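The values are calculated or read from the model by the stated rules, or taken from the named source; none is laboratory data. Since we're looking at a predicted model, the values are computed, not measured. Glycine also receives a Cβ, built like all others from the backbone with ideal geometry; neighbour counts cover every protein chain displayed. Ligands, DNA and RNA are stripped out before the accessible areas are found, and what is left, the full protein with its side chains, is counted by its heavy atoms. Shrake-Rupley method; radii C 1.70, N 1.55, O 1.52, S 1.80 Å.
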Amino acid sequence: MTRSPRRLKQQVQDTVGEQVRDLPLHAVRLAMFGVGRALLLGDRVTRDYKEITEGGGVKPVIGRLRHDVQHTAEKVVGTVVERVRGGEDAEPEPEPEPARPRRTRPARPSAAREDGAAVRRRPGGEISVGKPGASDGPVAKP
């Protein structure tokens, strides 16, 4: 069954109309994303400045920045390789564990937020924040 040009035109108009209606929402999301990133950058610059001026020196900050750049480069290369392969079923090569920079000051005493929620690292470097003892997997009923 072939589609008539009128029906096709109507479908295109409907689709474009829906996308145009969503533009203000996308603009607000983009603005909020930009503000959030600017605040994070400001916090990081302030923290780095304090670390440099309070005796930690420049080396720890540069080491952490180098680690961040390497990690970002690895992610970009991985994404490019995945897109170039085009979703082949080939197994991806395991990523080597990057060398972590040595800390000059002691680590934070606990991995919990102020409200008592546990902070866990997921495989792949993500941080999960939730209730103490909560798990992301299925929960067995007693």
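If the viscosity is 0.890 mPa s and the temperature 25 °C, what translational diffusion coefficient in µm²/s does Stokes-Einstein give for region 1-49 when Rh comes from Kirkwood over Cα pairs?
Stokes-Einstein gives a translational diffusion coefficient of 173 µm²/s.
How much of the accessible area of region 1-81, probe 1.4 Å, is carbon plus sulfur, in whole percent?
65
What trypsin sites (Lys or Arg not before Pro) does region 3-95 have in DSSP loop regions with at most 15 other beta carbons within 10 Å?
R3
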